[in-house]
Amino acid sequence: GFVMTEVAFYPIFCLATWALARALARPTIVSQALAVAAIALAVATRLQAIVFVPAVVLAVALVLLFERSGARAAQRYLVLLVGLGALTAAWLAVQRGQALGAYGVTGHVSYGLRDAVRFVLYHLADLLLLTAFVPVLATVIVAAHSFAGREESAEVRAYVATTVALVAGVVGQVVLFASRLLGR
């Protein structure tokens, strides 16, 4: 009863994050398939990793934005997007309407905008404090270059897209849960 899945989840989450960034930087069939496999492992370890599904879509969109590419360029990420879509469909089929398992109650609660915004600020402040500002500020600086279209490195653009997408997803996920179901 004292063994928690967080112990396994943290390194697996980091692996899935790295695999996603790698697949965005170098979109080969192998790198994308490995990203899908790592994300599947993360979701199998802890259901909160379901945040990868919308985060991958956002990360691909951000990379295309950074490159100033059109929607047709998303074809490079077909293995990643179709693989995640197939995993999502399989998950929904296996779970038969209980896709969130014990967290299913979160889908039946209404969330207030004021509480959500307040908790976004709380959690972003926590992120700043826990990282001692330096990594967050460095990411903001590099993200500004990427959004302006001045970042030339595919690896840096992929890192920024992955970071922004996962921070938005994870903070959003925690905020919604905490704002209504925990109140702290």
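Quick note: the coordinates plus some simple rules give every number you see, no bench work behind them. Computed from a predicted model, the values in this text were never measured in an experiment. Reconstructed Cβ throughout: ideal geometry from the backbone, glycine too, with neighbour counts over all protein chains shown.
Overview of values
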item	result
Assigned charges on the beta-carbon of Lys, Arg, Asp, Glu; the chain dipole about Cα centre (debye)	280
In nm, spacing of pseudo-spin labels at Ala61 and Ala132 (7 Å Cα→C-beta vector)	3.5
All Cα pairs of the chain, percent lying beyond 19 Å	63
Gain in span if fully extended, Val7 to Ala125, counting 0.36 nm per residue against the direct Cα distance	40.0 nm
